[in-house]
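The numbers here are math on the coordinates, done by the rules we state, and not lab data. Computed from a predicted model, the values in this text were never measured in an experiment. Virtual Cβ from ideal backbone geometry, glycine too; neighbours counted across all protein chains shown.
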Amino acid sequence: MSSKFIELTLGSHIISHGYNNENKEITEEVAVKEFSKKIVALSRIKSVSEKYILTDYLDGRWIYWEYKEGFKAVKKALIK
């Protein structure tokens with residue numbers, strides 16, 4: 001695979017569906033029992049924090065993923 005993708009171990013996540021008429025974010029929490037490996041396009045990753053990786057999703061939605069690798073490991077993989 002080319003470096004345009006990264007393998008991540010992702011778990012529970014929060015889907016942001018947008019905002020309501022009062023400008024409050026509409027979210028859906030998805031809890032999973034186990035983390036699973038996924039191949040993610042680098043172009044979909046918008047930011048990384050110590051707790052979440054933010055990616056874009058279908059129809060203008062966003063997903064905040066919990067991840068297993070740790071901030072330093074993901075940072076190193078993205079910057080190389």
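Any chance you could run the full-extension gain for residue 28 through residue 52? It's 0.36 nm times the residue separation minus the Cα-Cα distance, nm to one decimal.
7.1 nm
Run the dipole for the chain about the Cα centre, Lys and Arg Cβ at +1, Asp and Glu Cβ at -1, nothing else charged, and hand back the magnitude in debye, nearest 20.
540 debye
So what is the 222 nm mean residue ellipticity for the chain from helices alone, if each DSSP H run of at least 4 adds -39500 (n - 2.57) and you divide by all residues, rounding to the nearest 500 deg cm²/dmol?
Mean residue ellipticity at 222 nm (helix-derived): -3000 deg cm²/dmol.
Can you give the convex hull volume per residue for the Cα atoms of the chain, as a whole number of Å³?
97 Å³
Using Cα positions and a limit of under 17 Å, work out the aspartates and glutamates in reach of residue 37, with same-chain residues fewer than 8 apart set aside.
Straight-line reach from residue 37, under 17 Å: 7, 66, 69.
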